[in-house]
Amino acid sequence: MKLDSLIPAPLRKPAKPGEGNGAKGAAPADLKTAPPERPTDTKKLADRAVEAPVDALAWVDQRTAASGFLTGMLFRKVPKGTNWFYTLGSATLFAFIVQAITGVFLAMFYTPSTTQAYASISHINNEVFLGAFVHGLHKWGSSVMVILIFLHMGRTFFFGAYKYPRELNWVIGVVLLILTMTMAFTGYLLPFDQRSFWASVVGININGTGPVVGPYLSDFLRAGPELGATTLSRFYAIHMLLVPGAIIALIGAHLYLVVKLGTTAPPWLKAKKPKAAAPVSQLNASANGSDK
Amino acid sequence: MKPADKQAYLEEYELLKKKGKPFFPYAVMKDSAMMLLVAAVIIAMSIVLGAEQGPKADPTSTTYVPRPEWYFFFLFELLRVIKPPELVPIATIGIPTICMVLLLLLPFYDRGPERNPIRRPIATTAGVMTIVAMAYLTFLGATGGSPTEIEMEVAPRYEAGKEIVAGAGCLACHKIGENGGTIGPELTHIAQLVPRAAIVRSVEIGPDIMPSYRDLPPKKLNELADFLSSLD
Ligand code: HEM
């Protein structure tokens, strides 16, 4: 693939000796035989119009200094050997975004009350334009996100990506995993059919058998002696405000660290070291891990 | 990891990064292709599998069989694999809590400099075993039904008795069809072995470690016996 043309020239890899044909385009035309055209008014206006978006961007950039960060982020190098396994994190992010968007539309029609929840879901499924489709996206998107987050965690585990200096990013990741499972648990009650009702009863009871905090946790979740109206609105608030907010904040921190630290290279790759340049102490430190 | 190891890693990483390609467009291309695939899968699932509703929630029905969403099957299965009631809290909260803590603290107790999975035999084995265990429990959960469900097809007039047997916890000890434990004798073909009256007597007396179900209302006891004496 010739993707290099998408990279701004100063950031491109320099051509290797022998590549390219030295001469930089055609020779400049003679000024006498081809004098520069005088710009007409329309042409000037057209030029302005073309420049307008650039000017606007420059205006924003002067005030935010974002371009330095953005080019730094977009054109940062990812290490040699970066492969398809490294797409699992952004795939998880994508699944989360699908959940967020479809969730907003479901929230427009859903009523978190024990008497109306079931009917509002029927309404979404049967009457709302594309309702069943969006509901389906949200329902199956949750399974896909759970699968992807586990695959992504597996990748970082087997690649040893949780080791120095990325320990903190692993810890943030585990919290994201717990929060994602919390989303799955709290979302399951919302349709308020038999399946979701009894699964939540059992889930809350299981929490209640836990050591020390167990009973408090299940009391908090149930919000009363029986699973009922307060439970449902509590699950709803957790599912669409509390946990998503926390997830978004933590994904932000997670991605900040990804950009800041860079992603790992596959663990089986070793860089060829210029032997003479490395101090003796470090040669020893990496002596049994160098080139095969 | 010793300071020298950290230094060596950072230098090594710097070299590999220098030899790499820019995030845009190379990694972005792969990421986008993967995202398109994910989108296609979710859309296809939504269209093919839909989002049907079950019957409306009814807090007064006690015979409904609770089933979690599939990704909690492994937790649910722990409940079944670990039988004695006093161990249940350990199974449901203790083990997951310990696993989560172990997972969270992983970078702090696995501090060796080696990253290649082939040369980290302990970590790699532990990881593979965890995946196999979770996959196995999820498979059991997907195929086994829940601890209070009998998945046997029966004639409509035996449905009521089947629900009672399922709800009364007989499966904790008896196997009926595909479901249940092996502490007591299997009841799948009980009608071949003993007559109806003997079944009723067993249920009322509760031989050996089996609890007595004398307090069941006569109607329920009747339906239960009808169901069991149809199993031949
Ligand atoms: C909402 C969930 C998550 C999102 C959106 C997310 C996103 C990402 C992205 C986009 C990357 C860049 C590299 C890649 O894609 O592989 C990454 C890296 C990483 N993630 Fe996640 N992640 C999530 C959950 C997790 C979890 C559950 C863990 C582990 C417990 C984890 C641990 C890591 C680590 C250690 C890295 C650095 C990998 C490396 O440098 O090679 N993440 N994450």
Rounded percent of accessible protein surface that carbon and sulfur make up, chain B, 1.4 Å probe: 68
Loss of accessible area when A meets B, both sides summed, Å² nearest 100, probe 1.4 Å: 8200
Rounded to 10°, Cα long-axis angle of helix B:196-205 versus longest principal axis of chain B: 70
Gaussian network model of chain B, Cα within-10 Å springs - most flexible of B:Y26, B:Y13, B:Y136: B:Y26
Cα long-axis angle, helix B:159-168 against chain B (0 to 90 degrees, to the nearest 10): 60
Calculated SAXS-style log₁₀ I(q)/I(0) at q = 0.09, 0.12, 0.16 Å⁻¹ - chain B, Debye, Cα scatterers: -0.65, -0.91, -1.26
Listing of segment B:99-123 residues, each with accessible area lower by at least 50 Å² in the full protein assembly than in the chain alone (probe 1.4 Å): B:M100, B:L103, B:L104, B:L106, B:P107, B:R115, B:R120
Where the protein assembly as shown is the region considered: accessible area per residue in Å², 1.4 Å probe: 58
Cross-link pairs A:K139/A:K260; B:K56/B:K175; A:K77/B:K6 - those with Cα-Cα distance over 25 Å: A:K139/A:K260; B:K56/B:K175
Protein-protein interface of segment A:188-206, residues with accessible area decrease of at least 20 Å², isolated chain reference, 1.4 Å probe: A:Y188, A:F192, A:D193, A:Q194, A:R195, A:F197, A:W198, A:A199, A:V202, A:I206
The protein assembly as shown pair-distance distribution - Cα-Cα, 10 Å bins, rounded %: 3, 13, 20, 20, 16, 12, 7, 4, 2, 1, 0, 0
Coordinate range along principal axes, alpha carbons of segment A:82-261, Å, largest first: 52, 46, 23
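The values are calculated or read from the model by the stated rules, or taken from the named source; none is laboratory data. Remember, predicted model here, so these are calculated numbers, not experimental data. Protein only, heavy atoms only, side chains kept; ligands, DNA and RNA dropped before computing areas. Shrake-Rupley method; radii C 1.70, N 1.55, O 1.52, S 1.80 Å.
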